[in-house]
Amino acid sequence: MKYGTICENHLFSKAYSKGKRAVTPALAVYILPDYAKDRLKKSHPERKILNRIGLTASTKLGSAVVRSRCRRILRAGLSMLEKEKPLKVGFLIVICARSAAVKLKSTDIKNHLDTAFKKLDMFNQL
């Protein structure tokens, strides 16, 4: 599923301060309802409501190469998880990589994301 991206700093700040949080050793996930989802639905070509995703990797993790790899692994783990279990839509989702994520593979990240999304009750009931 295609996602929108969070580009504005104020949306990251709102997700951190007002959103629900689930933390695992490798990552932290923040969830906040997207109040602009109806406006964004009108501008979407297929008139769908989507989640907006933001991925963060701090400079504490390492060099730019390491941070980019962490974001790429987070994206791959999220897409693998989405293929198995669909997520609820209409949310701002911020995923922050922690120091343990540097050494993990995308399947391990998928398991951590699965745990975090279960804690946050983000899976659609089929």
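Selection within region 1-41: residues that are in contact (Cβ under 8 Å) with a residue 60 or more places away in the chain and β-branched (Val, Ile, Thr). The member of this set that is surrounded by the fewest Cβ atoms within 10 Å (Cβ to Cβ) is 23.
Inside region 7-27, can you point out the residues that are in a loop (DSSP other than H, G, I, E, B), under 24 Å from residue 108 (Cα atoms) and of a type outside the set (S, T, N, Q)?
25, 26
Being charged (D, E, K, R) and surrounded by 11 or more Cβ atoms within 10 Å (Cβ to Cβ) is the filter here, so list the residues in region 57-73 that pass it. Listed by number, the residues that qualify are 67, 69, 71, 72.
Identify, please: which residue in region 10-39 is more than 15 Å from the chain's Cα centre (by Cα) and not aliphatic (A, V, I, L, M) and is, among those, nearest to residue 103 (Cα to Cα)? Break it down into steps so the answer makes sense when it comes.
Within region 10-39, the first condition is being more than 15 Å from the chain's Cα centre (by Cα), and the residues that meet it are 10, 17-18, 25, 35-39.
Cutting the leftovers down to not aliphatic (A, V, I, L, M) gives us 10, 17-18, 25, 35, 37-39.
Working: 10: 30, 17: 28, 18: 30, 25: 12, 35: 36, 37: 35, 38: 39, 39: 39 Å.
So, considering only residues that are more than 15 Å from the chain's Cα centre (by Cα) and not aliphatic (A, V, I, L, M), the one nearest to residue 103 (Cα to Cα) is 25.
Tell me, please, whether a residue that is more than 29 Å from residue 103 (Cβ to Cβ), at pLDDT below 95 and within 12 Å of the chain's Cα centre (by Cα) can be found in region 40-62.
From region 40-62, those more than 29 Å from residue 103 (Cβ to Cβ) are 40-50; that's our starting set.
Going one step further and asking which of them are at pLDDT below 95, we end up with 40-50.
If we keep only those that are within 12 Å of the chain's Cα centre (by Cα) too, we end up with none.
No: region 40-62 contains no residue that is more than 29 Å from residue 103 (Cβ to Cβ), at pLDDT below 95 and within 12 Å of the chain's Cα centre (by Cα).
The residues of region 43-95 include none that are touching a Phe, Trp or Tyr at 6+ places or on another chain (Cβ under 9 Å) and on the phi > 0 side of the Ramachandran plot.
Would you say residue 30 is modelled with pLDDT under 95 and either touching a Leu at 6+ places or on another chain (Cβ under 9 Å) or not in a helix (DSSP H, G or I) (or both)? So residue 30 does not fit the description; no. Looking at 88, 103, 119 in this structure, which one is free of Cβ contacts under 8 Å to residues at least 40 places away in the same chain and closer than 21 Å to residue 20 by Cβ? Going through 88, 103, 119 in turn, just one is free of Cβ contacts under 8 Å to residues at least 40 places away in the same chain and closer than 21 Å to residue 20 by Cβ: 88. Here 54, 77 are screened, and the one residue that is assigned to a helix (DSSP H, G or I), buried (at least 17 other Cβ atoms within 10 Å of the Cβ) and touching a helix residue (DSSP H, G or I) at 6+ places or on another chain (Cβ under 9 Å) is 77.
The values are calculated or read from the model by the stated rules, or taken from the named source; none is laboratory data. None of these values were measured; they are calculated from a predicted model. Note that each Cβ is placed from the backbone with ideal geometry, even for glycine, and that neighbours are counted across all protein chains shown.
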